[in-house]
1. Rg to Rh for segment 107-157: what is it, with Cα atoms only and Rh by Kirkwood?
2. Roughly how many Å² is the accessible area per residue of the chain, as a whole number, for a 1.4 Å probe?
3. With the calculation restricted to Cα positions, what are the radius of gyration and Dmax of segment 297-351 in angstrom?
4. Of the GluC sites (Glu not before Pro) in segment 283-367, which ones lie in a loop per DSSP and count no more than 11 other C-beta atoms within 10 Å?
5. Lys and Arg at +1, Asp and Glu at -1: add these up for the other residues within a Cβ distance under 12 Å of Arg501 and post the number.
6. How many angstrom lie between the C-alpha centres of segment 421-467 and segment 298-368?
7. State whether segment 152-253 is rounded, prolate or oblate according to the following rule on the C-alpha gyration tensor (a ≥ b ≥ c being the square roots of its eigenvalues): a/c under 1.5 gives rounded; otherwise a/b larger than b/c gives prolate, and the remaining case gives oblate.
8. Just in segment 114-211: which GluC sites (Glu not before Pro) are loop by DSSP and have at most 12 other Cβ atoms within 10 Å?
Amino acid sequence: MDTGLTTIDEKDIAKHLPTAQSFVTRVVVMEASKGQGSTTIAGTGRRFVSTVSTGGLQRTREVELSKTVAAVRPDDQMLSILQHTLLYRARRGIAVALAVSDVFARGNELESLQAKNARAPLEGADADHYRRLLNASAYVAAFSLASYLTQTIEADGEAPNDVAGPDFLFDTAQDAVKSMVAGLDAAIAGSSDDREMMIRAKTFARVAVDGLLERKGRFDGLGAFEDAHIRIEADDFTLDGFDVAPGQKSKPLVMSFKKPDEVVGNHIAKYQSLKLAKMLVAYDFERQLNPFVELGGFLFTFIGDGAPGTGKTTLIQMIAGMVNGYCQIASYPFHYENFGVDQISSYQGKSGQNCKAFIDNVLNPKLIGFGTVDDIDQVAAKRSDDRASAGQHEITGVLMAAFSGTNTVIRGNCSFGMFSNYPENVDDALRQRAGARWLVDGPQTREDYIDIFVLLAGKNHKIPLGDHDLYAAQEIKHAVDTAYESHSKPHEDGLMKVYDRFMKENGAPKTLADVGEYLHMIKEAEPRFTGRAVKNVTDAIKMRAMDIELPDEWFEKPETFMHKPYDEKKAMVEELRGPFDMTMIMQEINRYADSEFRYSDRADDSAVEKLLHDARLRERAVKEMEDLKKKGLW
């Protein structure tokens, strides 16, 4: 953040503990009347609803959070560990929220205006200004409590759909906290067991945060808090202004990791995967920034495409395994998550919520994150596809906003990979938000197929290898140089025609103007090659300029590189950087443009196959109709 780290002393929190204790014991709140009676109609289980509108009325309600928590297990007078945890977190969170509102008051004129108002009621402009700052302080308190509960409550399970947000009150900080306590009480009331209680409490905290962020524009005077960086070590709780961290402690990652020598073929994708793993752990937790973001070349999003069985899953396992290994050496928390078709919900808005939670978990600046969306063509729908479900369209919108939206902030602590067998079925705008294109085409050469067979066959035999240098073709530096060199000329027929015409008219490119001319000619042949495509190409070129081999010894001990201060890490990386040249530019243009032409050709081929299939069916139907007519059955 822009300002330095603010730590809140325990004594500043402790002075609010009596208030916090009274709030979790018993508090009276004002709520909007729902026009619903408090007693049920005999024999129906339903409550009487008045025909007279009472929507504008308010009523008082007594909230006893401690009793509501205890009622989850009415047969046991003693609280369970989870019940006690929730009650303790709620009380501690209230005290923390009030302490944070004090910090906010000291950072502006609110504290001095409170002192003046205590001596004599303020009037005029001072009164209006005081009221606005008091409302802003209440908002900060509510946001702090919601964030605290989000970060400190641990719960696993499907979030329910019936948890409502609190009936917010923003008159004072204490009123705001009371409304949050009432909302939490309503959310957990009637929970069947401890586990459901914790899930509902965490869901309430997330709903409250979302509701508060929607209301943020109504408050003046929040600007100073935007840049606040508050840390409470005892709770491992951090507030970075209004940035929302999901607060989910990482669990040991359980998956089948693959080593780089177990990946055959896919040379460029494999090479960039190895670089990405090292880039991610260059992240600086104190500065919350990665040197590769500042210097250029950081890979935030990428898409991998290839036929089934070419190694996309193996590539994911390799990246996760590499990052996890480095994180264990440096004692960094690591979170891997995949978003799949099982998280598409039939409930309206739920798919979008699931996707947003996935994004937030991976973006969490307190850990190293790697998120994947496997079979992206099935998970996210084209916006023009009327046959897709509402949930698929929701996911498309969330991913587009997260990957390159107005609020996207790239810190360099995480990366997202989208994988598909049919990338031509992915929405054009979403696909172009992928900064890199990896062609996952699997083993290609004779040597590749020998290597993969020997690897998978194992050693339970005595059959000789024969005339072959095992795994020599997989030597990464040699393989990737060959792979990059192959992109000096286009691979796709459509792009080759553009390339040949450019070379015939202009000769080999020598200036940036020549490069611009080539890009324009590609645009004329493929309209989807837009300004964003050019940005992705330039990012790939910068990545090639940062095509430096970070020494393995930097990652063997954390103090050698990973635990160094940010400025030292940046200087170490900068020393290895070199300039890019025209060869790199043309290779990256051809590599990216090839993918667009490849997707376009596949889409056209699919359309042609469908038309041919329909035509064959019509011919068959006509023939069968004629046969039926001859038999008198039509």
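1. Radius of gyration over Kirkwood radius for segment 107-157 works out to 1.25.
2. 50 Å²
3. Using the Cα atoms of segment 297-351, the pair Rg, Dmax is 15.2, 43 Å.
4. Answer in residue order: Glu286.
5. -2
6. Cα centres, segment 421-467 to segment 298-368: 20 Å.
7. Oblate.
8. In loop regions of segment 114-211 (DSSP not H, G, I, E or B), the sparsely surrounded GluC sites (Glu not before Pro) are Glu123, Glu158.
The values are calculated or read from the model by the stated rules, or taken from the named source; none is laboratory data. Model, not experiment: these values are computed from the prediction. Because the Cβ atoms are built from the backbone with ideal geometry, glycine has one as well, and the counts that use them run over all protein chains shown. Heavy atoms of the whole protein, side chains included, go into the accessibility calculation; ligands, DNA and RNA do not. Shrake-Rupley method; radii C 1.70, N 1.55, O 1.52, S 1.80 Å.
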